[in-house]
Amino acid sequence: MSASRLLGITSTIPVEVALAGGWTPVDLNNRFITHRDPAGLVQQAEDQGLPRTLCAWIKGMYAWCLRHPEVAAMVGVTRGDCSNTHALMELLSRRGRRVFPFDYPNQDDPTALTQAMQRLARELGADLARAEEIRRELIPLRQNLERLDRLTWQESKVSGGENHLWLVSASDFDGDPKDFAARLDRFLALAEERPARPPKVRLGLLGVPPIIAGLHETLEELGASVVFNEVPRQFAMLDGDGGPCGSLAQQYARYTYPYEVGARVDDIRREAARRGLDGLIHYTQSFCWRQMQDLVLRRELDLPVLTLEGDQFAPVDGRTRLRLEAFVEVLG
Ligand code: SF4
């Protein structure tokens, strides 16, 4: 595939539409956080004038794009994800990128969702019927991700950190669904052979993916395991208890992340019961509007919740480790 067909995405979009248009999706969040120097990217963005009081993910994505001009086009999710995406798209368009907005409508409006996907298909030169075909072709891969998730919460053979990494990577399948599926097959074959390692404390991790490095691993050291990665599981579009989706519109209407917080509360409640969770960690990002949803989650979920805030890319610090230790101890 030629480099000009690389398509940056700022959040999960109907990736089947991008693939149907012959684009290679590149999730900018994943590229930022797996970069060899994420802190350096944030610093570069601040050196260029982006404020200290702006979410580090936005700054990291911006600087990553500046270093990768080969990603010449972007889809920005301008409704249903992040209010900062508007300005990010403005900055990048002035840097010569083609930018396409994608808006998630209200969750109960399937017609509007279909129209949004039609608009995206037109802009990306894609055929929606082909996108539906790709959705069907991806079903075995999504079923294998479901299998991976069960190996975490039912069989204790895949760690919370591994689970997180595979599920967040499903937003763009690392740009190559075939290769991703083959690597996942190999990983599952190895993981199935592992002995089960049931944790003493079973946790759910809510909220946007943490910028803190080693959070899952620190919890493992403390005897707890994340057996529910809420938002990464949403990115991966697993069927779960709901059975298979019959269309793209159904799949992206079931996806809770871009919609009203009530859909997330219902999903978390259902998964907490199914997975036998002991407690929840709600990760929030400094300067993110989603921090306000902490109030709802704490009030409406029946399990103990520890709220953890992260700002810059850094390993778990001493204070955070102490808070995690105390939380795990109480739950244990
Ligand atoms: S963490 Fe919040 S502010 Fe930052 S990019 Fe994500 S949604 Fe936007």
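The values are calculated or read from the model by the stated rules, or taken from the named source; none is laboratory data. Nothing here was measured: the structure is a model prediction, and the numbers come from that model. As a convention, Cβ positions derive from the backbone with ideal geometry for all residues, glycine included, and neighbour counts pool all protein chains shown.
Taking (1) within 25 Å of residue 105 (Cα to Cα); (2) without any contact (Cβ under 8 Å) to a residue 60 or more places away in the chain in turn, residue 232 satisfies each apart from (2).
Candidates in segment 49-91 are the residues that are free of Cβ contacts under 8 Å to residues at least 12 places away in the same chain and outside any helix (DSSP H, G or I); of these, the one that is farthest from the ligand (Cβ to nearest atom) is 49. Please determine whether any residue of segment 315-331 is closer than 29 Å to residue 31 by Cα, among the aliphatic types (A, V, I, L, M), within 16 Å of the ligand (Cβ to nearest atom) and outside the structural domain of residue 107 (by TED's automatic domain parsing). For segment 315-331, residues closer than 29 Å to residue 31 by Cα, among the aliphatic types (A, V, I, L, M), within 16 Å of the ligand (Cβ to nearest atom) and outside the structural domain of residue 107 (by TED's automatic domain parsing): absent.
Would you check which residues across segment 104-116 are crowded, with 17+ Cβ neighbours inside 10 Å and more than 10 Å from residue 249 (Cβ to Cβ) and list them?
If the condition is that a residue be crowded, with 17+ Cβ neighbours inside 10 Å and more than 10 Å from residue 249 (Cβ to Cβ), then 104, 105, 107 are the ones that fit.
Residues in segment 287-311 that are within 16 Å of the ligand (Cβ to nearest atom) and either over 19 Å from residue 262 (Cβ atoms) or not in a helix (DSSP H, G or I) (or both): 287, 288, 307, 308, 309, 310, 311. Screening residue 264 with (1) farther than 30 Å from residue 19 by Cβ; (2) at pLDDT 95 or above gives one miss only, at (1).
Just one of the numbered conditions (1) in a loop (DSSP other than H, G, I, E, B); (2) under 16 Å from the mean Cα position of the chain (by Cα) is not true of residue 196: (2).
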